[in-house]
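What follows is a single structure, written as structure tokens, with notes after it.
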Amino acid sequence: MQFDPFVIPFNIGLYFILIYAVVRSVIWFNDLSRPDKLRLQRGFFGKTFGQSIKEIFLESLIHRKILKSNPRLGYMHMSLAFGWFLLILFGTIEADVFGAHHLNAPYKSIFFKFFNPEHGRAGFEAAYSFLMDLILAFILSGLLLAVIKRFSSKVVGMKKTTKLRVLDKVALTSLWLIFPSRLLAESFTSGAYGTGSFLTGSLGSVLASFLPAQEMAYPFWWLYSLSLGTFFILLPLTRYMHIPTELFLIFARNSGIKTGDQPGAFREIQIYSCSSCGICIDACQLNFSAGITNIQSAYLMKGIRNNENVSDIAFNCLMCGRCDQKCPVGIELTPLRMLSRRAGETVESEQTILKKYFPDRKSVLPARPAADPSYTFLKQYEPAKTDVIYFAGCMTHLTPAIKNSMVAILEASGVRYNFLDEMGGVCCGRPLMLAGQDREARELINHNSQLIWKSGAHTLVTSCPICYKVFKESYYLDVEVLHHSQFIKNMIEDGSLKLNFLRRKVTYHAPCELGRGSGVYDEPKDVLRYVARLQETGFEDKNSLCCGGSLGNIKISSRQKSMIAHDVAAELTKDNPDILATSCPLCKKTLAAATTTKVADISEIVADAIIKPAIKKKLTEPAGKVKMQADFQN
Amino acid sequence: MDRFGFSISKGRQIDYDANSRHIAEFISEREPSFRVCIECGCCSATCTTGNFTSFSLRELQILMKRGENEKVRENIKKCMLCGKCTLVCPRGVNTRNVVTLARQAFQKFPANAV
Ligand code: SF4
Ligand code: SF4
Ligand code: SF4
Ligand code: SF4
């Protein structure tokens, strides 16, 4: 029987964390809604199983996405995670092949060197020792990076590392001690017996030359075991909980579970999956343009985990979705933030240790009290029957050039349309939703839905991406919802709209709500290619910037908004385009105030390019209503 | 008096002893730009809600600053947070946050403390 008391801390820690992981998973599973439970069962025992395993390998061990966006940071994460995994795997094989028995208890492979000090002298054994040393060196190189990163955050390319709590610090220290103490313990043992490979062997013989290696080894084996045990026991209280949680998250996500608009177990799983890698902090324009450095998603996740009142963090965000796109763990950051907004202010509560190990989910998100309807003054009326409804939206009413261009385009394309909010309409409801006021938003949604339904239209065209997103996602309407860029593209392609080529250089700024928010990236660019020379910017599609004017942020000051807008305008006009094009009235207004380059919505550019059917207009009855006449160029 | 076709208007003064500025203070603590409003009325002129009813953000801001909160309590709910006022405000007042904070304040202090 190979046993020594020093393995006890490790054993306690290991069995604790294993049991804990099982219990916590069962709790999460139980908390899932019924359909989500079925999804997860199907996902786990079905086709997606292989996909999840592959993802776990690529993302949780290799950290492919972090490697892509930040190689040095990726290497650090990979060497620790993948290296540790290899060390355990090959350690187990080593103990199995070279040890006294097969199928050993985990501690025998972890402390293999202690129990088999004579191992690794020659032949295959030596080659294997070389491999184990190589893996240890791999981990230690990553650890060195991590230590340097903690003290100078420039090294791994991050501007700001996340701040730590006391427990995190203890856990971090024990994590840092694990591998150096293993190195020293193995080296001393190797030194005493003259074994070990290039790392432990050489270090061991050097140390043994002036230190009593035999006596020194034992305390380091204790340290090794203690740091492992401490790390395992503290893990659920710290950000390192992301390691086991991410496995659960990957299975849940691949089974098709989504955040949705209700707080639930999946929300909690995602929040605990955040590794505080800080990539979202680097992606955030509030951070690098406006100097707001405490609200990024990493801090939101941390605040929720620590049961703090996160309402200030939750509301001070553009909801641009840049962090969401970049998060290597794939946490649905924007929907999670929406959940925190709906909750409004939360009470900060002191937590017992037990509560910290098993957080009470319901205390995090209390329901907002119900209230009387707010918009009783809105009166329904009978809108004219029509095929296409044009809904300009509030923001478009502040940019009349867009509105007028759209009227010109609708006229020229010859569809039967009705300008629903020509005389000013009711807000679409999305700004209220972004402010976490869903009940109020529902009132406006109902009002608008009834009008649209009564008009009998089959298509709804809007100029505002904010309206577009809410019409698409939160209105239960039986109409095709199109952003004007999509509508214009359709009209060009079926020949209803004839356009000149304008010989202008254009760069395109993709609005957040239209691009990342609704996945409409190509249509506006396609339209622009019909009428002008489209230049690439360094910020295409998913990587596009936020103009800074977003209605998502209720807290930001006008000065900070304009700082962002100036940075963005400068980036997008680097190649001196004739026009900086966008497809959102709010982006247009925000960017126009920040640059001397002409900023125009694509509808204005298209309206400029319309070939006027001089004769046709007289011969045929125009289908649309001719109210305003051509030339809306400004 | 009536015979002459006019009447003396009712006495009207801002009574800071009776009025309470705690709502206004709640807002300006959290949204400093509330203080720099010059009551120009651009926000009311562009207002989406103002298109349908006599709601005026300019008026409500003045009333809160005076501490005449009762009219504001009911009316502030009517704003749709559409954001047009923020865009037109010449002083850069973050009006959406002003409205949101006012709503919060009225929820926090159910009765007008005198
Ligand atoms: S939210 Fe995602 S990107 Fe941000 S720190 Fe967490 S894991 Fe990293
Ligand atoms: S959504 Fe945009 S503004 Fe908000 S935290 Fe993420 S990157 Fe920053
Ligand atoms: S537009 Fe601005 S400055 Fe003018 S009244 Fe409204 S909030 Fe005040
Ligand atoms: S946000 Fe409110 S006050 Fe401002 S314009 Fe819209 S409805 Fe009017």
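Hey, can you tell me all the residues within segment A:69-100 that are over 21 Å from the mean Cα position of the chain (by Cα) and more than 21 Å from A:Tyr240 (Cβ to Cβ)?
A:Phe90, A:Thr92, A:Ile93, A:Glu94, A:Ala95, A:Asp96, A:Val97, A:Phe98, A:Gly99, A:Ala100
Residue under question is B:Ile23, and the condition is that it be away from chain A (no Cβ under 11 Å), more than 16 Å from ligand 4 (Cβ to nearest atom), over 27 Å from A:Asn316 (Cβ atoms) and among the β-branched types (Val, Ile, Thr); does it hold?
no
Failed condition for A:Leu444, given (1) part of a helix (DSSP H, G or I); (2) under 21 Å from A:Pro524 (Cβ atoms), with all others met?
(2)
Of the residues A:Gly50, A:Gly99, A:Gly74, A:Gly91, which single one is closer than 21 Å to A:His119 by Cβ, modelled with pLDDT of 90 or more and of a type in the set (Gly, Ala, Ser)?
A:Gly91
Restricting to segment A:1-57, what's the tally of residues that are within 29 Å of A:Leu226 (Cβ to Cβ), aromatic (Phe, Trp, Tyr) and either without any contact (Cβ under 8 Å) to a residue 40 or more places away in the chain or surrounded by fewer than 17 Cβ atoms within 10 Å (Cβ to Cβ) (or both)?
Residues in segment A:1-57 being within 29 Å of A:Leu226 (Cβ to Cβ), aromatic (Phe, Trp, Tyr) and either without any contact (Cβ under 8 Å) to a residue 40 or more places away in the chain or surrounded by fewer than 17 Cβ atoms within 10 Å (Cβ to Cβ) (or both): 3 in total.
For A:Val461, indicate whether it is of a type outside the set (Ser, Thr, Tyr), touching a His at 6+ places or on another chain (Cβ under 7 Å), open to solvent by less than 40 Å² (accessible area, probe 1.4 Å) and under 21 Å from A:Tyr417 (Cβ atoms).
yes
Any residue in segment A:341-358 that is at pLDDT below 95 and within 10 Å of another protein chain (Cβ to nearest Cβ)?
The answer is yes; a qualifying residue exists.
Within segment B:41-83, take every residue that is among the β-branched types (Val, Ile, Thr) and facing another protein chain (nearest Cβ under 9 Å) and give me the one that is farthest from ligand 1 (Cβ to nearest atom).
Going through the qualifying residues, I end up with B:Thr53.
Which residue out of A:Leu528, A:Leu514, A:Leu502, A:Leu534 is modelled with pLDDT under 95 and of a type in the set (A, V, I, L, M)?
Of the residues listed, the single one that is modelled with pLDDT under 95 and of a type in the set (A, V, I, L, M) is A:Leu502.
Go through A:Arg529, A:Arg503, A:Arg533 for me and flag whichever is at positive phi and either within 14 Å of chain B (Cβ to nearest Cβ) or surrounded by fewer than 20 Cβ atoms within 10 Å (Cβ to Cβ) (or both).
A:Arg503
Which of the following residues is open to solvent by 30 Å² or more (accessible area, probe 1.4 Å), touching a residue at least 12 places away in the same chain (Cβ under 8 Å) and not basic (Lys, Arg): A:Phe231, A:Phe248?
The match here is A:Phe248.
I need the full set of residues from segment A:473-491 which are free of Cβ contacts under 8 Å to residues at least 60 places away in the same chain and either open to solvent by 40 Å² or more (accessible area, probe 1.4 Å) or of a type outside the set (Phe, Trp, Tyr) (or both), in order please.
Passing the criteria: A:Glu473, A:Ser474, A:Tyr476, A:Leu477, A:Asp478, A:Glu480, A:Val481, A:Leu482, A:Gln486, A:Lys489, A:Asn490.
Here are the criteria: (1) away from ligand 3 (no atom under 16 Å from the Cβ); (2) more than 29 Å from A:Leu444 (Cα to Cα); (3) over 12 Å from the mean Cα position of the chain (by Cα). Tell me which single one B:Gly67 does not satisfy.
Just one mismatch for B:Gly67, condition (3).
Residues that are in a loop (DSSP other than H, G, I, E, B), away from ligand 1 (no atom under 16 Å from the Cβ), polar (S, T, N, Q) and surrounded by 17 or more Cβ atoms within 10 Å (Cβ to Cβ): does segment B:89-104 have at least one?
yes
Considering only segment B:50-57, I want to know if a residue exists there that is more than 16 Å from ligand 2 (Cβ to nearest atom) and touching a Cys at 6+ places or on another chain (Cβ under 6 Å).
Yes - at least one qualifying residue is present in segment B:50-57.
Of the conditions (1) crowded, with 17+ Cβ neighbours inside 10 Å; (2) of a type in the set (D, E, K, R); (3) at pLDDT 95 or above; (4) more than 30 Å from B:Thr100 (Cα to Cα), A:Asp522 fails just one. Which one is it?
Against the list (1) crowded, with 17+ Cβ neighbours inside 10 Å; (2) of a type in the set (D, E, K, R); (3) at pLDDT 95 or above; (4) more than 30 Å from B:Thr100 (Cα to Cα), A:Asp522 comes up short only on (1).
Taking only segment A:435-456 into account, find how many residues are more than 14 Å from A:Cys467 (Cβ to Cβ), of a type in the set (S, T, N, Q) and in contact (Cβ under 8 Å) with a residue 24 or more places away in the chain.
2
Please verify whether A:Met433 is under 36 Å from the mean Cα position of the chain (by Cα) and within 16 Å of ligand 2 (Cβ to nearest atom), treating the condition exactly as stated.
Taking the combined requirement at face value, the residue satisfies it.
Of the residues in segment A:174-196, how many are surrounded by fewer than 19 Cβ atoms within 10 Å (Cβ to Cβ) and at pLDDT below 90?
1
Keeping to segment A:578-593, report how many residues are over 28 Å from the mean Cα position of the chain (by Cα) and open to solvent by 10 Å² or more (accessible area, probe 1.4 Å).
Total satisfying the criteria: 3.
So, in segment A:538-576, of the ones that are assigned to a loop (DSSP other than H, G, I, E, B) and under 23 Å from A:Ile488 (Cα atoms), which residue ends up nearest to the other protein chains (Cβ to nearest Cβ)?
Going through the qualifying residues, I end up with A:Ser544.
Could you say which residue among A:Val407, A:Val426, A:Val470, A:Val415 is part of a helix (DSSP H, G or I) and more than 30 Å from the chain's Cα centre (by Cα)?
A:Val407
So, of the residues in segment A:412-433 that are buried (at least 22 other Cβ atoms within 10 Å of the Cβ) and closer than 16 Å to A:Asn490 by Cα, which turns out to be nearest to the other protein chains (Cβ to nearest Cβ)?
Among them, the one singled out is A:Tyr417.
Among (1) within 11 Å of ligand 3 (Cβ to nearest atom); (2) buried (at least 21 other Cβ atoms within 10 Å of the Cβ); (3) touching a residue at least 60 places away in the same chain (Cβ under 8 Å), where does B:Ile23 come up short?
Failed condition: (1).
What residue, among those in segment B:68-82 that are on the phi < 0 side of the Ramachandran plot and outside any helix (DSSP H, G or I), is surrounded by the fewest Cβ atoms within 10 Å (Cβ to Cβ)?
It comes out as B:Glu68.
The values are calculated or read from the model by the stated rules, or taken from the named source; none is laboratory data. Because the structure is predicted, anything quoted here is derived from the model rather than measured. A quick note on method: Cβ atoms are made from the backbone with ideal geometry, for glycine too, and the neighbour counts reach across all protein chains shown. The protein model used for the area step is the full one, side chains on, heavy atoms only, and it has no ligands, DNA or RNA in it. Shrake-Rupley method; radii C 1.70, N 1.55, O 1.52, S 1.80 Å.
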